[in-house]
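Student: Pasting in a structure now, in structure tokens, and then I'll have a few things to ask.
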Amino acid sequence: MSLSKKKLTVVIVTFKSDHVIHDCIKSIPNQINIIIVDNSNDKKFKNYIEKSYRNVTCILSSKNLGMGSGNNLGLKHVKTDFAIILNPDVILENDTIEKIIDTSKEIDSFAILAPISSDKSIPNYKIFNKSNEYNKKKYFEVDTVDGFAMILNLKKINQFRDFKNFIYFDENFFMYLENDDFCKRIKDLGENIYVIRNAKIKHLGAKAVNQKYSYEIELSRNWHWMWSKFYFNKKYYGFFFAILNGLPSFLSSSIKFLIYIILNKKNKKEVYFQRISGFLNALIGNNSFYRPRLKK
């Protein structure tokens, strides 16, 4: 089962990403089909994107589903054996896809491949056995990769009942840790995840949403980071572990919230309030309901 451009579809989930999506699309070879899932009902965006690029199909989700659910929606429409998940603020180098394809031929079996971040100070993977990282091969095995760039071997993954009905990412996560959850389930099934050393991508980092919404997005990120961390830990390690693991951040956020009330720093106060709220809502079992309140 060899990887090729014809057997590869790109899935990109967007949300107010007009400012970065074009650079992302232009960095992808135009022989590869692209599915964009826009977390909105913006028909103007859909028409513009589809008229601008012959290899792009845009699906409107009608509401903000988040990253995991948005990717699941896009993957339902993939007809190829492989799919690459990309964030809209990712740019591929000229030969990234070719190097992924060439190196994949040297790997006996894999469920997930990933290119490597061009910024070495911010690796896009986690690895528990560091000796794997220093082998002399073009690739090395990892435990998890960041969700902004990952290639899924759908034909292999679809063999497992854990991923039936195209639910690859746990849709309880709105944002954060859905990729760690996905990779953990893949590893628990005994499958392999590899990073390819010479296939590079540039991740702009937290630039997927237009910067005019930066404050509202910051509030959302702080809420969901606390919620997702608690949910992930509860799912795999139990309720009491999740409390103990999250308690230091909760207490720290509570102290900072009180300090910023005294200092009358409205924005800072709101950030730490959202952290407190995210933790408490996860603690009592509420779903990840918070959505950024964007002004038109």
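Student: Among the residues of segment 67-82, count how many are touching a strand residue (DSSP E or B) at 6+ places or on another chain (Cβ under 8 Å) and within 11 Å of Tyr168 (Cβ to Cβ).
Tutor: Qualifying residue count, segment 67-82: 5.
Student: I would also like to ask the following. Could you look through segment 164-191, keep only residues that are of a type in the set (Phe, Trp, Tyr) and either part of a helix (DSSP H, G or I) or free of Cβ contacts under 8 Å to residues at least 24 places away in the same chain (or both), and pick out the one that is surrounded by the most Cβ atoms within 10 Å (Cβ to Cβ)?
Tutor: Ranking the candidates gives Phe182 first.
Student: Which ones in segment 103-124 are closer than 14 Å to Ser2 by Cα and not in a loop (DSSP other than H, G, I, E, B)? Break it down into steps so the answer makes sense when it comes.
Tutor: Our first condition is that a residue be closer than 14 Å to Ser2 by Cα; within segment 103-124, this holds for 103-113.
Residues satisfying the conditions are Thr103, Ser104, Ile112, Leu113.
Student: Still on this structure: Of the numbered conditions (1) among the polar types (S, T, N, Q); (2) surrounded by fewer than 19 Cβ atoms within 10 Å (Cβ to Cβ); (3) over 24 Å from Asn198 (Cβ atoms); (4) at pLDDT below 95, Thr57 fails exactly one; give the number of that condition.
Tutor: Of the numbered conditions (1) among the polar types (S, T, N, Q); (2) surrounded by fewer than 19 Cβ atoms within 10 Å (Cβ to Cβ); (3) over 24 Å from Asn198 (Cβ atoms); (4) at pLDDT below 95, the odd one out for Thr57 is (4).
Student: Among the numbered criteria (1) surrounded by fewer than 19 Cβ atoms within 10 Å (Cβ to Cβ); (2) of a type outside the set (Val, Ile, Thr); (3) touching a residue at least 12 places away in the same chain (Cβ under 8 Å), which single criterion is violated by Tyr237?
Tutor: Of everything listed in (1) surrounded by fewer than 19 Cβ atoms within 10 Å (Cβ to Cβ); (2) of a type outside the set (Val, Ile, Thr); (3) touching a residue at least 12 places away in the same chain (Cβ under 8 Å), Tyr237 misses just condition (3).
Student: Give segment 27-49 a look and list any residue that's outside any strand (DSSP E or B) and either among the hydrophobic types (A, V, I, L, M, F, W, C) or touching a Phe, Trp or Tyr at 6+ places or on another chain (Cβ under 9 Å) (or both), or say none.
Tutor: Initial filter on segment 27-49 (outside any strand (DSSP E or B)): 27-32, 39-49.
Listed by number, the residues that qualify are Ile28, Asn30, Ile32, Asn39, Ser40, Phe45, Ile49.
Student: Going through Tyr231, Tyr290, Tyr236 one at a time, which residue ends up being assigned to a loop (DSSP other than H, G, I, E, B) and either in the same structural domain as Ser69 (by TED's automatic domain parsing) or closer than 16 Å to Leu177 by Cβ (or both)?
Tutor: Just one listed residue meets the conditions, Tyr290.
A quick yes/no check of all residues on (1) in contact with an Asp or Glu (Cβ under 8 Å, 6 or more places away or on another chain); (2) under 30 Å from Trp225 (Cα atoms); (3) without any contact (Cβ under 8 Å) to a residue 12 or more places away in the chain:
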{"position": "Ser4", "(1), (2), (3)": "no, no, no"}
{"position": "His19", "(1), (2), (3)": "no, yes, no"}
{"position": "Asn30", "(1), (2), (3)": "no, no, no"}
{"position": "Asn33", "(1), (2), (3)": "no, no, no"}
{"position": "Asn41", "(1), (2), (3)": "no, yes, no"}
{"position": "Tyr48", "(1), (2), (3)": "no, no, yes"}
{"position": "Leu75", "(1), (2), (3)": "no, yes, no"}
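The values are calculated or read from the model by the stated rules, or taken from the named source; none is laboratory data. Small disclaimer: the values here were computed from a predicted structure and weren't measured. A quick note on method: Cβ atoms are made from the backbone with ideal geometry, for glycine too, and the neighbour counts reach across all protein chains shown.
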